[in-house]
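Shown next, in structure tokens, is the structure this report addresses.
All of the numbers you see were taken from the coordinates with simple rules; none came from a lab. Note that the structure is a prediction, hence the values are computed from the model and not measured. Backbone-built Cβ (ideal geometry, glycine too); neighbour counts: all protein chains shown.
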Amino acid sequence: MNFDFSDDQKTIQEQARAMLTKECGSAVVRKTIGSNHGFDVTLWQQIVALGWPATTIAEEHGGLGLSYLELCVIATELGRSLAPVPFIASVYLGTELIKAAASSQQQAQWLPALASGDVISTVAIGTDMTTCRVNNKQLSGRKTAVLHGMIANQAIVVATNEHDELGLYLLELSHSSVKRSPQNSLDPSLPRAELVFNNTPAIALEGGLPAAEAVQTVFDRAAVLLAFEQVGGCEAAIDMAKAYTTDRYAFGRQVASFQAIKHKLADMFVAKELAKSNAYYGAWALSANAPELALAAATARVSAIDAYYLCSKENIQAHGGMGFTWEFDCHLYYRRAQALSTLLGGNPYWKSLLVDRLLAA
């Protein structure tokens, strides 16, 4: 397959990189890590002004009506810059679940506010989908590790109803019956929260895909988008390692000239290129809504997790003893690599899913 992004899509990527390079340096990420909410409001407002949350939302709902390919190139640059914004929670997950599971009337009601950035959404699923229950349109229960749960305006929660049927329910997190508590995260710029509901008014998403199918469909889409974020992180880690080892001298020679460092950089590059190739395949399948999407998404997810872990780890090693210090930015990419690897079920889940899908194919 010969696939590449169009000139217009590459232009969007260049513009995204220019903006994020200027507005989202490591100082912004570090400031966010030291805050209580893991969220840079100014950067989010700039992203909203550029219309990125509205990328794949239909024009009739206030969106730009573009394809997932435009979102893929934006994702690459968000990953490269470690942008501390709720893009994953609100765009890859919240918006996509509404598009997949909600009726046309519900989409018309909820999507415009997500497109404009006036509302930040998140998704509360959990390892056990039955920890929340709905009775008489009121939801009670508890969800943990909810991404950006402290700052989101609304959450889409997986819960069971009176008939033990699984469903998706939209809740306003500002309601007095919702208790939010921050949870520790290896990467505070991707913060998690515990949400406790006590008879919280809940609106069922209905008219689209069934709950379980909608969740897996959105997970497949998000897996491809996350793969592009991870590829962007890999590229940034490789650039850091290359720059440092080229400028650093030991025994009168560039550190980059030593064979051991060359091998590390080569291994990083190969892993990144493999993940990038799989991400491109996933982008094609996602944009074409091809039957291969399920397999492509799992492949992209597994290879991107492995590549980002390797690149972020070897970047620390390439910096030697300085790589372990707070002053260098290596740990920022290692944190993000580890945090992204736990989303959507984590690497063991996706490896198992990949095997199942390969066998089925």
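Projecting label points 7 angstrom from Cα along Cα→Cβ for N36 and D128 puts them 3.1 nm apart. Taking amide H positions as modeled 1.01 Å from N, with prolines and chain starts lacking one, the residues under 5 Å from A124 and 5 or more places away or on another chain are I156, V157, V158.
For E23 and L166, the FRET efficiency from 1/(1 + (r/R0)^6), where r spans their Cβ atoms and R0 equals 41 Å, is about 0.50.
Here the range 127-202 and the range 30-70 have alpha carbon centers that stand 22 Å from each other. Close amide-amide hydrogen proximity is noted between Q183 and R192, A193, E194, each under 5 Å apart and 5 or more residues distant or on a separate chain (H modeled in the peptide plane; Pro and chain starts excluded). With r defined as the distance between the Cβ atoms of A108 and S174 and R0 fixed at 25 Å, what FRET efficiency is calculated, to the nearest 0.05? Result of the calculation: an efficiency of 0.70.
With the contact rule set at Cα under 8 Å and sequence spacing of 6 or more, what percent relative contact order holds for the chain? Reported as a whole number, the value is 16 percent.
Scalar couplings 3J(HN,Hα) for the range 184-192, obtained by applying the Karplus form with A = 6.51, B = -1.76, C = 1.60 to θ = phi - 60°, are 5, 9, 4, 10, x, 7, 10, x, 10 Hz; x denotes Gly and Pro. Bridging of K137 to aspartates and glutamates at a Cα separation below 16 Å is possible for E162, D164, E165, E172, E206, once same-chain residues fewer than 8 apart are set aside. Approximating the spin labels as points 7 Å out from Cα along Cα→Cβ, the T246-to-Q138 distance works out to 6.4 nm. Helices of the chain meeting both criteria, an alpha-carbon length of 15 angstrom or more along the long axis and an average Kyte-Doolittle score not below -0.5, with helices taken as full DSSP H segments, are 68-81, 104-116, 211-247, 259-288, 293-318, 330-341, 346-360.
For the range 7-116, averaging the sequence separation of C-alpha pairs within contact (under 8 Å, six or more residues apart) and dividing by the residue count gives a relative contact order of 33 percent. The region of the chain that goes longest without hitting one of the chymotrypsin sites (Phe, Trp or Tyr not before Pro) in a DSSP loop, each with at most 14 other Cβ atoms within 10 Å, is 4-250. Taking the Cα centre of the range 196-346 as the origin and placing charges on Cβ (Lys, Arg +1; Asp, Glu -1), which of A241, F228, S287 is farthest toward the positive end of the dipole? Result: A241, furthest along the dipole toward the positive end.
Computed from the C-beta positions of A360 and S277, the FRET efficiency with R₀ = 22 Å rounds to 0.50. Backbone phi angles across the range 50-58, fed through the Karplus curve with coefficients 6.51, -1.76 and 1.60 (θ = phi - 60°), yield HN-Hα couplings of 7, x, 4, x, 8, 3, 9, 7, 4 Hz in residue order; Gly and Pro are listed as x. Each stretch of four or more DSSP H residues adds -39500 (n - 2.57); spread over every residue of the chain, this sum gives -17500 deg cm²/dmol at 222 nm. In this rough spin-label picture, where each label sits 7 Å from Cα along the Cβ direction, the F3-S116 distance is 3.5 nm. For the chain, the orientation-averaged shadow of the C-alpha convex hull comes to 18.5 nm² (one quarter of the hull surface). In percent, what relative contact order does the range 211-360 have, based on Cα pairs under 8 Å that are 6 or more apart in sequence? 30 percent. Bridging of K179 to lysines at a Cα separation below 17 Å is possible for K143, once same-chain residues fewer than 8 apart are set aside.
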